[in-house]
Amino acid sequence: MILTMSSNLKKYFIITYGCQMNLHESEKIAGILSSMGYQSTNNENDADVIVFNTCCIRENAEDRAEGNIGALKKLKRTNKDLIIAVGGCMTQQKGQAEELKSKFPFIDIIFGTHNLEDFKSLFLQKISGKKKIIAVEEKEGPVKEGTPTTRTSFPNAWVNITYGCNNFCTYCIVPYVRGRERSRKMQDVINECKQLIKDGYKEITLLGQNVNSYGNDIDDENTNFANLITEISKLDGNFRLRFMTNHPKDFNLPLIKAISSSSKVCKSVHLPVQAGSNRILKLMNRRYTREDYLEKVKTLREYIPDIAITTDIMVGFPTETEEDFNDTVDLVNRVGFSGAFTFIYSRRSGTPAATMDGQIDEEVSKKRIMKLIDLQNSINREQSKEYLNKTIEILCEGYDEKKGAYLGRDTYGRMAYFTSPVDIVGQFVSVKIIKTGGISLIGEIVNDK
Ligand code: SF4
C-alpha cells in the first residue's frame, strides 16, 4: 500500500537501543515502513512516524529510552498526526506495556518482540483510525520468513540465524523477553546470504543469542552451526563471514575446524566469559568453568594461532568478592583478549540474580570495572604495537566526519583509519599501519584491490 507519492513522501525516524539483534530488527521495521511508501529521516521533527526499538538488558538502557519517549510529549502536542510506536525487549516484560501506556498516554502503538512481523497490520490499524494499539504476544511463534528489510549497515549485512535463548543465565532478562530458541532453516539462511552477496554486501554477520546452538531445535543432524558456516563460505564472491554471539559451553571442535578451514570466515571470535571465578560462573548458571574456558581458548589457538578473541565481562555480580574479581583479572591476563566489553551487573527484575543476597555496592563495582578497563587498554596498546609497519587487508566500512578519514576493520576485527581521495566504502584495500594508539590504528592505503 503506497500512502503518498514522490515529493510528499511520509517519513519515519527509528531510535534503536541495545545490541546488533535490535539494530537488525530496526532494519526490518524500516523495511516494513518503506514497503508502505515511507522514507527514512534523521530528523525527528520531520517525522510522521517515530519508532522506539527498546532494550532492557541494563537499567540505564531503559532509563534512556523512557527519557527520550517522555521528551516527545511536546512534539506530539504540536503535531497531532505524529504516530509514536514503542517496541522491543522493554515492552515485552511483564506489565511493562500497561505501565508505558499510563506513563506516556501519547504513545500510539506498543508492540512486543513476538509482534515485530505484525507491525504492518498494527500500523495499518492505527492509520485507519484505531486510537491506541497494544500488541504484546506472550509466547513466541514459529520463525517467519520474508519480512522486508531496509539495510543500514553496508557493506555489512546482519542475518538472523536463531531467535530467543534457552540458557537462562541468572542475570539475564533475554530468555524472558525473546522466548525459546528457534532456528531458521539452513537453506533460508543460505539463500539470504547468496542474495546479499549478489547485492554487493562484502561482510555478513550471522546473529543469534547463541549461534553455537543453531539447529538444536531442528530434527536434522546436518543442521548445525559448523555446517552452516561451511556452506555459506562455499558461496561465490569476495566476502567475509562473521558471527555473534557464542556461548563457551557450546563452542566445539567441529566449529573450530570449520573456522580454521575457511578463508572467508574472519579470524575473530567473540567468546563471552563473563567472569573468571568458578564460584561466580556457577551462580551465573553459565555451565562452564574457567578451566573449560581456558581449554577452549587453547584448542582454538592450536588450530588458528593468530585468532583474535574478544569477550564480555561483568563485574559486581551478587556476592562477588575481591578474590573472585582477581580470578577475572587473572583470566584476562592469561587469555590476552583482543577486546572486551565490560559491564557492571545490572539488577533485572524477574531474573534469579535480582533476588540473590549480597548485591554489590556500586562504588566497589565501579572501581573493579575501571581496573579491568585499564588492564584491557594496556593489553590492546601492546597488541597494537605489533601492527606497526604491517600491511593489512581492510574492508572499508565508512567515513568518519570528525576524524576526516575512512575506517574499516581487518579480519581480526581491528579498526584502522586512513584517507583516500575517492569513496572506497565497500572495498577491500591494503593499508600500511603507520601509527598505533589504543585499540585503533592509523594507516595509509598502499594499493587498491
Ligand atoms: S546465553 Fe545467557 S547471557 Fe546470552 S542471551 Fe542467553 S541467557 Fe542471556
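Scanning segment 141-187 for residues that are assigned to a loop (DSSP other than H, G, I, E, B), more than 11 Å from the ligand (Cβ to nearest atom) and aromatic (F, W, Y) yields a single hit, F154.
Filtering segment 127-136 to residues that are at pLDDT 95 or above and either assigned to a loop (DSSP other than H, G, I, E, B) or more than 24 Å from G164 (Cα to Cα) (or both) leaves I133, V136.
Inspect segment 211-232 for any residue being within 16 Å of the ligand (Cβ to nearest atom), surrounded by 21 or more Cβ atoms within 10 Å (Cβ to Cβ), under 16 Å from the mean Cα position of the chain (by Cα) and not small (G, A, S) and give the result as yes or no. Yes. Residues that are hydroxyl-bearing (S, T, Y), part of a loop (DSSP other than H, G, I, E, B), touching a residue at least 60 places away in the same chain (Cβ under 8 Å) and buried (at least 21 other Cβ atoms within 10 Å of the Cβ) are absent from segment 109-123.
Considering (1) on the phi < 0 side of the Ramachandran plot; (2) in contact with a strand residue (DSSP E or B) (Cβ under 9 Å, 6 or more places away or on another chain), the lone condition that N377 does not fulfil carries the number (2).
Identify all residues within segment 84-99 that are of a type outside the set (S, T, N, Q) and under 12 Å from F52 (Cα atoms); write none if there are none. Across segment 84-99, the qualifying residues are I84, A85, V86, G87, G88, C89, M90.
The residue pairs whose first member lies in segment 320-336 and is in a helix (DSSP H, G or I), whose second member is among the polar types (S, T, N, Q), and whose beta carbons are closer than 8 Å, counting only pairs six or more residues apart or on different chains, are E323/S277; D324/S277; F325/S277; D327/S277; D327/N278; T328/S277; V332/Q376; V335/T311.
Considering only segment 217-232, state which residues are touching a Ser or Thr at 6+ places or on another chain (Cβ under 8 Å) and either outside any helix (DSSP H, G or I) or at pLDDT below 95 (or both).
Across segment 217-232, the qualifying residues are D217, I218, T223.
Could you tell me which residue of segment 246-302 is surrounded by the most Cβ atoms within 10 Å (Cβ to Cβ), considering only residues that are in a strand (DSSP E or B) and aliphatic (A, V, I, L, M)?
Only one residue tops the list, namely V269.
Here is a yes/no grid of residues against (1) modelled with pLDDT of 95 or more; (2) more than 27 Å from the chain's Cα centre (by Cα); (3) over 19 Å from D306 (Cα atoms):
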{"residue": "T391", "(1), (2), (3)": "yes, yes, no"}
{"residue": "Y399", "(1), (2), (3)": "yes, no, yes"}
{"residue": "G413", "(1), (2), (3)": "yes, no, no"}
{"residue": "Y417", "(1), (2), (3)": "yes, no, yes"}
{"residue": "I433", "(1), (2), (3)": "yes, yes, no"}
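The values are calculated or read from the model by the stated rules, or taken from the named source; none is laboratory data. Keep in mind it's a predicted model, so treat the numbers as computed, not measured. All Cβ positions, even for glycine, are placed from backbone atoms using ideal geometry, and neighbour counts span all protein chains on display.
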